[in-house]
Amino acid sequence: MSIMGNRDSEPTPKQWPSLAWERQVWLPTSGWSVNAEFEGGGQPYKSSIPPTIAALTPEPDKDAREAAEAAVQELSRFDAELGGRVAGFAPVLLRSEAASSSQIENLTASARAIFSAELGSKSSRNAELIAANTRAMQAAIDLSDALSPAALAEMHRVLMGDQMRHTPGEWRREAVWIGTKSNSPIGAEFVAPHFERVPALVDDVIDFSARRDVPALISTAIAHAQFETIHPFTDGNGRTGRAFAQALLRHRGVTRNVAVPVSAGLLADVEGYHHALTAFREGDVSPIVLAFAEASLRAVANSRELVADIDAIKESWQGRLTARRSSNAWALLDVIAQRPVIDSATAAAALGVKQPNVYPALQALTEAGILKSKAEHRAGPFWRTDEILGAIDRFAERAGRRERS
């Protein structure tokens, strides 16, 4: 097998072990299938057997190694650049990562729909699912100090909490596969390992991710690819796996303050990302390392543009708001830059005042043209800043495909 980036002067990297396969028999739950009468209701197929990796050391090619080193430097530099301003941008960047990760799974919604869903709006199912992904990303960050199988299960539980058919937070007890048919693994592009192998494989990938002798971004890319190969849940594996990647970056100290939207970088070449996962399963680690490195570099550049846009918007607000300086309206500017759709209860909690006392501030920002108000069905009035929402949507458009809902 060829390894990307080889040069005559460079020793060939050691090959990563590829998947093995084992025979299984598919028994449809209905008891009926094509050829069932000839095969007694069962059809043979093969499920994968991933290698255990805790004791393996990945050796990507020179191009991938250099790209990974450059990406780590850029991620850390951007994280440090925000400095004392991190509190103002961390929430927006976290939600941008969650939305981008969801877009890879073809779950798309506008920034307005996503922030509204966090406040209880039921106008967009996609937005509700992306809001759940934001909570899973936050859980991943919160759990990054002590990564474990239980932490992975908790990320999934938070993500899939309202989808009980997918047993949130529990390892699967059935076959899963990637392919065009949803009712059978026969002929699937990839069949994940038999469910009985899942607990040991999850333990193994956690042990691998705990090692400090593997460079941080290489470790993150490999652990993510192995997680996606294990596919430990019935659904939500991609989103959970990218939350896991964010936790790993925080765990290794690459990012200390913000979740840089690496998934937004992957969105620029989703097909390449999927091909890199396939190459990993075939024994080539370089493509997935290179995919994560290039995605990180794109994400940092895109995030810097988002931060600059928000800075410019906030500066323009300073000249438009005429309320007295002691007014809560000035303090509310920072709040709406982080949460560009807000209700009175959230605004009051953020300012530490009683809810009736926040209405004058909301009114002042509305009169200044900074906020707009709209009554949401069954959720009461919401206030929004279209300028910040527009900046976030432009970030998504730069990252990749985006559909409004």
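The values are calculated or read from the model by the stated rules, or taken from the named source; none is laboratory data. Keep in mind that this is a model prediction, so the values were computed, not measured. All Cβ positions, even for glycine, are placed from backbone atoms using ideal geometry, and neighbour counts span all protein chains on display. Remember, those area values only see protein heavy atoms, side chains included, never the ligands or the DNA or RNA. Shrake-Rupley method; radii C 1.70, N 1.55, O 1.52, S 1.80 Å.
Suppose the filter is β-branched (Val, Ile, Thr), more than 17 Å from the chain's Cα centre (by Cα) and open to solvent by less than 50 Å² (accessible area, probe 1.4 Å); does VAL285 pass it? When the stated conditions are applied, VAL285 passes them.
Can we say VAL260 is outside any helix (DSSP H, G or I) and either closer than 25 Å to MET160 by Cβ or of a type in the set (D, E, K, R) (or both)? Against the criterion (outside any helix (DSSP H, G or I) and either closer than 25 Å to MET160 by Cβ or of a type in the set (D, E, K, R) (or both)), VAL260 qualifies. Does ALA293 satisfy being crowded, with 16+ Cβ neighbours inside 10 Å, more than 20 Å from GLU69 (Cβ to Cβ) and of a type in the set (Gly, Ala, Ser)? Spelling it out, it is not the case that ALA293 is crowded, with 16+ Cβ neighbours inside 10 Å, more than 20 Å from GLU69 (Cβ to Cβ) and of a type in the set (Gly, Ala, Ser). Residues of the range 212-244 that are among the charged types (D, E, K, R), in contact (Cβ under 8 Å) with a residue 60 or more places away in the chain and assigned to a loop (DSSP other than H, G, I, E, B): ASP213, ASP235. Only one of these is open to solvent by less than 10 Å² (accessible area, probe 1.4 Å) and charged (D, E, K, R): ARG112, ARG172, ARG165. Name it. ARG172 is the lone residue from the list that is open to solvent by less than 10 Å² (accessible area, probe 1.4 Å) and charged (D, E, K, R). What pairs can you find where one residue is in the range 273-297 and within 11 Å of GLN15 (Cα to Cα) and polar (S, T, N, Q), the other is open to solvent by less than 20 Å² (accessible area, probe 1.4 Å) and not in a helix (DSSP H, G or I), and their Cβ atoms are less than 7 Å apart, with a gap of 6+ or different chains? Hits for this filter: SER286/PRO60; SER286/ASP61. Flag set for PRO185, criterion: touching a strand residue (DSSP E or B) at 6+ places or on another chain (Cβ under 7 Å), open to solvent by less than 50 Å² (accessible area, probe 1.4 Å) and either polar (S, T, N, Q) or outside any helix (DSSP H, G or I) (or both).
Cβ separations smaller than 6 Å between residues 6+ apart or across chains give no pair from the range 152-167 residues that are not assigned by the TED database to the domain that holds VAL202 and outside any helix (DSSP H, G or I) to residues that are open to solvent by less than 30 Å² (accessible area, probe 1.4 Å) and of a type in the set (S, T, N, Q).
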